[in-house]
1. Just checking, which of V66, V45 is surrounded by 14 or more Cβ atoms within 10 Å (Cβ to Cβ), at negative phi and at pLDDT 95 or above?
2. Which one of the conditions (1) more than 18 Å from D178 (Cβ to Cβ); (2) within 15 Å of the chain's Cα centre (by Cα) does I84 fail to meet, given that it meets all the rest?
3. Quick one: in the stretch 73-88, which of the residues that are free of Cβ contacts under 8 Å to residues at least 60 places away in the same chain and touching a Pro at 6+ places or on another chain (Cβ under 9 Å) is surrounded by the fewest Cβ atoms within 10 Å (Cβ to Cβ)?
4. Within the stretch 2-29, count every residue that is in a strand (DSSP E or B) and either of a type in the set (A, V, I, L, M, F, W, C) or over 16 Å from the mean Cα position of the chain (by Cα) (or both).
5. Test D111 against the stated conditions and say whether it is surrounded by fewer than 18 Cβ atoms within 10 Å (Cβ to Cβ), part of a loop (DSSP other than H, G, I, E, B) and either touching a residue at least 12 places away in the same chain (Cβ under 8 Å) or of a type in the set (A, V, I, L, M) (or both).
6. Conditions: (1) within 25 Å of G40 (Cβ to Cβ); (2) in contact (Cβ under 8 Å) with a residue 40 or more places away in the chain; (3) not in a loop (DSSP other than H, G, I, E, B). E130 meets all but one. Number of the miss?
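The values are calculated or read from the model by the stated rules, or taken from the named source; none is laboratory data. Keep in mind the model is a prediction, meaning the values are calculated, not measured. Don't worry about glycine lacking a Cβ; one is built from the backbone with ideal geometry, like all the others, and counts go over all protein chains shown.
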Amino acid sequence: MIAESILKPELLKIVDAENNTAYYGCNQEWYKTPRQREAGCGPSVASNIIFYLTQPGGTSNVKEQVLRLMEESWDHVTPGAMGIPTTKMFCEAMDEYMKVKSLLAEHACLDIGENKKQRPSIEKIIKFIEFAINKDAPVAFLNLCNGEEVVLDAWHWVTIISINYNENCDQVEISIIDNGELKKINLLLWYQTTKRGGGFVYFVKRNSLEISF
């Protein structure tokens, strides 16, 4: 198996000082309002990405620090009536947000459509994710329909931090951060059974970008 991971996944470990509980990444349930908690997956993933790209250290981070970033992310990556249902919408919002943060990064998107015959191959998806991971960039993953992969929620954004696959690409697993938890997903099963598809987005700092898709 070929295994690739972001360099410092521990940066996304978040500790709640009140109960000494550790989480991975942001949880949309931490938002203050019902609307935010219902539709906050996109801003939560945006928070994970911004947090990872801007943190220099390798120690655990406190929840209160992350909550402030989540509120800021909501203001810039704001869901509409249908949430953030396209990679284009996510990228446009993130580009503006990164300008505010003075973060120089280039993005790339890979969409997975409803028509299975027109979808990119699983090999291309692997290459896309692997490129980002090798540039130490978490990948935003939009899942509009989880198919037979029961661990995923439909119409939902999560954050990919690693990928494992074999040479034949008939075993493909990703590690995702979703609502404060680290989960394993059978990406090939999702690819083969999703009816609506989704997409992938990465943001790579310009000084580390050599090629794009």
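1. V45
2. Going through the list (1) more than 18 Å from D178 (Cβ to Cβ); (2) within 15 Å of the chain's Cα centre (by Cα), I84 breaks only (1).
3. D75
4. Taking the stretch 2-29 and keeping what is in a strand (DSSP E or B), we get 2-5, 13-16, 21-24.
Remaining after also requiring either of a type in the set (A, V, I, L, M, F, W, C) or over 16 Å from the mean Cα position of the chain (by Cα) (or both): 2-3, 14-16, 21-22.
Residues flagged as in a strand (DSSP E or B) and either of a type in the set (A, V, I, L, M, F, W, C) or over 16 Å from the mean Cα position of the chain (by Cα) (or both) within the stretch 2-29 amount to 7.
5. Numbers: surrounded by fewer than 18 Cβ atoms within 10 Å (Cβ to Cβ): yes; part of a loop (DSSP other than H, G, I, E, B): no; either touching a residue at least 12 places away in the same chain (Cβ under 8 Å) or of a type in the set (A, V, I, L, M) (or both): yes.
Criteria not met by D111.
6. Result: E130 fails condition (1) only.
Conditions tested, residue by residue: (1) in a loop (DSSP other than H, G, I, E, B); (2) of a type in the set (D, E).
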| site | (1), (2) |
| --- | --- |
| F90 | no, no |
| E96 | no, yes |
| E106 | no, yes |
| K117 | no, no |
| D136 | yes, yes |
| C145 | yes, no |
| V151 | yes, no |
| V158 | no, no |
| D170 | yes, yes |
